[in-house]
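Peer 1: Quick one: structure below, then a few questions.
The values are calculated or read from the model by the stated rules, or taken from the named source; none is laboratory data. Note that the coordinates shown come from a computational prediction; the quantities given were computed from them, not determined experimentally. In this analysis, Cβ positions are derived from the backbone assuming ideal geometry, glycine residues included, and neighbour counts consider all displayed protein chains. The accessibility values were calculated without ligands, DNA or RNA, using every heavy atom of the protein model including side chains. Shrake-Rupley method; radii C 1.70, N 1.55, O 1.52, S 1.80 Å.
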Amino acid sequence: MKNKAGLVENIRERLKNPLIILTIVTVTIAIYISAVQISIGVNYFDVFSYLNVALFYAGMGPVNPDLLHGPFLIPFLTSLVFRAGFVSSNIIIIIDAIIFIFGVIGFYLLLKQRFNEIQSLCGCLIYISFPLIISWAASGSIDVPAISFSIWAIYLMVRGVEEHSKYLYLALPLFVLAVLTRYTAALLIFPMILYLAMGSALEKGLKTHLTHLLVAGALITPVVIYLYQKFKYISYLLLLMNASISNWRSIGMGDVAYNPDNLYYLHNLLNYMGVGPVKGSYYQLFSPSQAVPSILSYLTVVLVLCGLSIYVYSILKNKIEQVSQRDKKSLVQIVALVFLIILSLVSFFYLSYIITDILLFLTCLLSYKIFHHGKNSHLKIDLLFLCWFLTFFIMHSTIPMKVDRYFITVLPALAYFIILGLSVLIERYKLRINNKTWKTWGLYAVVGLIFLTSSTVTFMGHTPNTCLIKYIEPSTQWLEDYDPQCQEKVIFSDYSPAVSWSMKKMVIGGVLKDFKNTNEFSSMLTAAGAEYYIDALSEKKPVLKDYHIIKENGDIVIYQKNEDFES
């Protein structure tokens, strides 16, 4: 009886652990959003491309060769499950959810390098509650998995510099995993090198840390070379670098996502914190810029700016107290810092993002040299997150292709500064609170729950019952019953990745809006020998010369070549 009572008490104590609480909350949310996504089906163009590539990796069908140059890791992991005999779009959703949980736990451990347990828990709840996170975390996309691996790479880098360099053996592999998930994660190298340069590695022996990194790099290099030769994925990094230097302003011109406004993401920053009202469209959830900011977003910005202003003022005040007018070295450093900041701002609007990121790196490094002293023990990690935020913010802002989900790359850093600003205010004024619970963890728990509740309710209010794939699958099944030889025939579609996945064959993409008129489009289909055309995206279904409609199912219309024309 005593043993049973002791076990119950032990369980109760463990359930009070913030990491356990966070894990339970995160797993619950991941299961819920995965179940919702599975019930409505895959709803994003690129996810079907990843599924088709996974089929190819599993040896289950052909694929458009161009898709093999895309993100490698998520399709590869999905293909392993396909090889085991479980072929379903649900697999990629579940893999996303598992990596999301992994990332949240890593973010908690990373926040603990700066904050206490309850503050770290609150920061993670804020991170989970961002509309872009909760809507994309189990969607089958690559953005949240890439940021999850990035979080662990940064965490292991911090542990490796501050505690033991053995952690660096894992930091570099996690960084490579992030890059293999989404190539833009390569820019994470800027904050990682910054922390290495600022950290205790310089005092404790840079040689030891570099040895660990070089050993890890030597082990990874053959894998990277193989992937480059086999899939050309790493060539996207070279393209990104080349575009940033030469024709970066013309990237995506003519695409629906083309937007040359460098302040696009800044204008929509409030939307990325929370959207309103409670009810709305699914599109607003995936693209918060199309919604309106929630009241919570406005309140958060005011409080966080107040807290961060107090924090920055304290740093400047301490430095001013230390610097005398005769301290020429400090004065020169401050002038150089101001010059770098101005140069970075000019570069942001007129030069490439690589140049701006390099200037940002130098600005952060010089800031550390100027303001670091005993009272600013957390300045290193603060500048790490500042560099993380601005590195990706600058890149995505200056490249004209603007998609809301790209902002996911900066959301861990945004959550970091939100909890930093709020913690400064709470710690400053909590002495006026008499209740011990509210003083220690109550306020942080309330803040985290407000964010999480607001996000969950909004997610439920914006989620549809179904999506387009639920109409595509029965339509393609009908076609296979109608024409058992259709697998051997040429099929076009304006939603080719989804139709390819549904039919488990290579369907060629053809979009009406890319042609002058329907006759030109129809002629293209005829010249290509298309037996069928499946229209899924046109609002008004076209009348195609030489083709007639044989099936309509909701928004899905199947056209077949006229027999008279064949003869």
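Peer 1: Quick one: which helices (runs of 4 or more DSSP H) sit completely within region 1-81 and have at least 3 residues that are at pLDDT below 80?
Peer 2: On the way: elements: 2-15, 18-40, 45-57.
Correct list: 2-15.
Peer 1: Taking the conditions exactly as written (farther than 30 Å from Gly274 by Cβ, open to solvent by less than 30 Å² (accessible area, probe 1.4 Å) and part of a helix (DSSP H, G or I)), does Phe492 satisfy them or not? First the steps, then the outcome.
Peer 2: Numbers: farther than 30 Å from Gly274 by Cβ: yes; open to solvent by less than 30 Å² (accessible area, probe 1.4 Å): yes; part of a helix (DSSP H, G or I): no.
It is false that Phe492 is farther than 30 Å from Gly274 by Cβ, open to solvent by less than 30 Å² (accessible area, probe 1.4 Å) and part of a helix (DSSP H, G or I).
Peer 1: Another one. Which of the following residues is open to solvent by 10 Å² or more (accessible area, probe 1.4 Å) and without any contact (Cβ under 8 Å) to a residue 24 or more places away in the chain: Leu77, Leu125? First the steps, then the outcome.
Peer 2: On the way: Leu125 fails: without any contact (Cβ under 8 Å) to a residue 24 or more places away in the chain.
One residue alone meets the criteria, Leu77.
Peer 1: For region 531-567, what are the residues that are part of a loop (DSSP other than H, G, I, E, B), within 30 Å of Thr466 (Cα to Cα) and open to solvent by less than 40 Å² (accessible area, probe 1.4 Å)? Spell out the reasoning first.
Peer 2: First, the residues of region 531-567 that are part of a loop (DSSP other than H, G, I, E, B): 531, 536-546, 554-555, 562, 567.
Checking which are within 30 Å of Thr466 (Cα to Cα) leaves us with 531, 536-544, 554-555.
Those that are part of a loop (DSSP other than H, G, I, E, B), within 30 Å of Thr466 (Cα to Cα) and open to solvent by less than 40 Å² (accessible area, probe 1.4 Å): Glu531, Ala536, Ser538, Pro542, Leu544.
Peer 1: Oh, and also: Condition test on Gly61, is it of a type in the set (Gly, Ala, Ser) and within 29 Å of Thr463 (Cβ to Cβ)?
Peer 2: On the way: of a type in the set (Gly, Ala, Ser): yes; within 29 Å of Thr463 (Cβ to Cβ): no.
Considered against the rule, which asks whether it is of a type in the set (Gly, Ala, Ser) and within 29 Å of Thr463 (Cβ to Cβ), Gly61 comes out as no.
Peer 1: Let me ask you something else. Among the residues of region 495-513, is there at least one that is open to solvent by 30 Å² or more (accessible area, probe 1.4 Å), closer than 16 Å to Gln560 by Cα, in contact (Cβ under 8 Å) with a residue 24 or more places away in the chain and of a type in the set (Lys, Arg)?
Peer 2: No - not one qualifying residue is present in region 495-513.
Peer 1: Looking at region 83-104, can you tell me whether even one residue there is closer than 21 Å to Thr391 by Cα and modelled with pLDDT of 95 or more?
Peer 2: yes
Peer 1: Search region 51-73 for residues that are closer than 14 Å to Arg83 by Cα and open to solvent by less than 20 Å² (accessible area, probe 1.4 Å) and pair each with any residue that is in a helix (DSSP H, G or I) and modelled with pLDDT under 90 when their beta-carbon atoms are under 6 Å apart and the residues are at least 6 apart or on different chains.
Peer 2: From region 51-73, the pairs are Val53/Leu67.
Peer 1: Sort through Ala97, Ala146, Ala171 and tell me the only one that's in contact (Cβ under 8 Å) with a residue 24 or more places away in the chain, within 16 Å of Leu196 (Cβ to Cβ) and crowded, with 24+ Cβ neighbours inside 10 Å. Working first, answer last.
Peer 2: Numbers: Ala97 fails: within 16 Å of Leu196 (Cβ to Cβ); Ala146 fails: within 16 Å of Leu196 (Cβ to Cβ).
So the residue among Ala97, Ala146, Ala171 that is in contact (Cβ under 8 Å) with a residue 24 or more places away in the chain, within 16 Å of Leu196 (Cβ to Cβ) and crowded, with 24+ Cβ neighbours inside 10 Å is Ala171.
Peer 1: Run down Tyr350, Tyr282, Tyr298, Tyr313 and say which single residue is modelled with pLDDT under 90, closer than 30 Å to Asn268 by Cβ and open to solvent by 80 Å² or more (accessible area, probe 1.4 Å).
Peer 2: On the way: Tyr282 fails: open to solvent by 80 Å² or more (accessible area, probe 1.4 Å); Tyr298 fails: modelled with pLDDT under 90; Tyr313 fails: modelled with pLDDT under 90.
Selected residue: Tyr350, the only one of Tyr350, Tyr282, Tyr298, Tyr313 that is modelled with pLDDT under 90, closer than 30 Å to Asn268 by Cβ and open to solvent by 80 Å² or more (accessible area, probe 1.4 Å).
Peer 1: What are the residue pairs meeting all of these: first residue in region 174-198, first residue basic (Lys, Arg), second residue in a helix (DSSP H, G or I), Cβ atoms under 6 Å, and 6 or more apart or on different chains?
Peer 2: Matching pairs, first to second residue: Arg182/Ala146.
Peer 1: Then there is this: Considering only region 380-395, how many residues are of a type in the set (Phe, Trp, Tyr) and open to solvent by 10 Å² or more (accessible area, probe 1.4 Å)?
Peer 2: Of all residues in region 380-395, those of a type in the set (Phe, Trp, Tyr) come to 385, 388-389, 392-393.
Those still in the list that are open to solvent by 10 Å² or more (accessible area, probe 1.4 Å) too: 389, 393.
Residues flagged as of a type in the set (Phe, Trp, Tyr) and open to solvent by 10 Å² or more (accessible area, probe 1.4 Å) within region 380-395 amount to 2.
Peer 1: From the set of residues in region 433-471 that are among the hydroxyl-bearing types (Ser, Thr, Tyr) and open to solvent by 50 Å² or more (accessible area, probe 1.4 Å), which is modelled with the lowest pLDDT?
Peer 2: Thr437
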